[in-house]
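Scroll down for the structure; my scribbles are underneath it.
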Amino acid sequence: AAERWRRLVVTPSTASALALCIANWLAQLAAYWMASRAVGLPAAGALALAALVLANIGGIFRLTPGNLGILQASFALAAVPLGVPAERAIAASLVLQAVQVIPVLACGAVIMLYGSVTRARRTTALAS
């Protein structure tokens, strides 16, 4: 049974997926760290790691769009034991959220605008 399990799990595609997963977590950690450093937090590394773990645990439930509030709470909860003021940690979380959300919203707006223009042109061409 163990050999069968190993053949099913230990494959090149599994290794690739694991590598991408690790790269994603490291990129997230870097983003959390940079947001913490951007607002001048002293314990940026420890805060980034703790906030990342808490945000991902809190994000399991997807209680709000874009995890708004969940991310801020995770930064605040991670900050207090490290001696970092919660309001500064929340500022870092808002920087992080802006960097993550604004480009996605902008791309979505461009795609919607392009779709609307294309649809309007097609409708005009069909009506002619």
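A short reminder: the numbers here are calculations on the coordinates, not readings from a lab. From a predicted model like this one, the values you see are computed outputs, not experimental measurements. Cβ coordinates were reconstructed from backbone atoms using ideal geometry, including for glycine residues, and neighbour counts include every protein chain displayed.
Summary table
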| read-out | value |
| --- | --- |
| Rough spin-label spacing in nm, given labels placed 7 Å along Cα→Cβ, for ILE111 and ALA23 | 2.1 |
| Vicinal HN-Hα couplings computed from phi for the stretch 61-67 (Karplus, 6.51 cos²θ - 1.76 cosθ + 1.60; Hz; Gly/Pro x) | 7, 6, 6, 9, x, x, 6 |
| Overall form of the chain per C-alpha gyration tensor (a/c, 1.5; a/b vs b/c) | oblate |
| Helix runs (DSSP H) in the chain reaching 18 Å along axis by Cα, Kyte-Doolittle at least 0.0 | 12-38, 44-58, 86-127 |
| LEU41 long-range amide H proximity, modeled H, under 5 Å | none |
| Positive-pole candidate from ASN56, VAL117, ALA35, dipole of the chain, charges at beta carbon | VAL117 |
